[in-house]
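Handing you this structure, nothing more for now.
The values are calculated or read from the model by the stated rules, or taken from the named source; none is laboratory data. The model shown is predicted, which means the values in this text are computed figures rather than measured ones. Methodologically, a virtual Cβ is constructed for each residue, glycine included, from the backbone with ideal geometry; neighbour enumeration extends over all protein chains shown.
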Amino acid sequence: MSVYGEFSDIELVELLKFGDRSAFTEIYNRYWSVTYAQVYKMLRDEDEAKDVIQEIFSKLWIRAADIKSSHNLAGLLYTAARNKVLNIIAQSKVRNNYATSIAAYISETDPDSIDKVDEKRLIKIIEQEIQNLPPKMREIFELSRKENLSHKEIAKKLSLSDQTVKKQVQNALKIIKPKINHLGFSLAILIIFR
């Protein structure tokens, strides 16, 4: 065992910031398997999980000097892994089984190690789902949720019945809600499903 194995995470990160390859190797050896397990649990794809891990550790080495805090290395690596997986989901509209894995993973993870959900990314995902609604349903839904109009006000504005407006809003929620819920974002409920 090298002397680096006796160093704390804080000491290793401080050494890493100055380009210490042995410190990086120790961090890699210490956290590769646990980070891989987390990513694999979210993606359920061995090759893709390995690619994500390689990218995370490559960026850690390349951007070591930019690390702001050395107090939570595990949290830093977890956040990098989570963000990379969320990017994969946003870019490829990953199938439900991937998203279900993420929801399960997030619910099982210690909340102290999870940074605040990137609200901009969440809002972007929600907005993308709203844009995928049929045009009339989307218009009614946006009037309801973005302009805070009542069903009656929307019905009057669009020359529709109150019942039609109510049904369109319900249908929009039925379409959007499962797509957001399976990602494990309960915050989405607060933002849009009030």
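Residue-by-condition table, conditions (1) of a type in the set (Lys, Arg); (2) at pLDDT 85 or above:
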{"residue": "Leu77", "(1), (2)": "no, yes"}
{"residue": "Ser92", "(1), (2)": "no, no"}
{"residue": "Arg95", "(1), (2)": "yes, no"}
{"residue": "Ala103", "(1), (2)": "no, no"}
{"residue": "Ile114", "(1), (2)": "no, no"}
{"residue": "Ile125", "(1), (2)": "no, no"}
{"residue": "Glu129", "(1), (2)": "no, no"}
{"residue": "Leu143", "(1), (2)": "no, yes"}
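Okay, moving on. Return the pairs, sorted by first residue and then second, in which the second residue is among the β-branched types (Val, Ile, Thr) and modelled with pLDDT of 80 or more, the first residue lies in segment 118-143 and is over 13 Å from Leu173 (Cβ atoms), the beta carbons are less than 6 Å apart, and the residues are 6+ apart or on different chains.
Short answer, once both residue conditions are applied: Leu143/Ile154.
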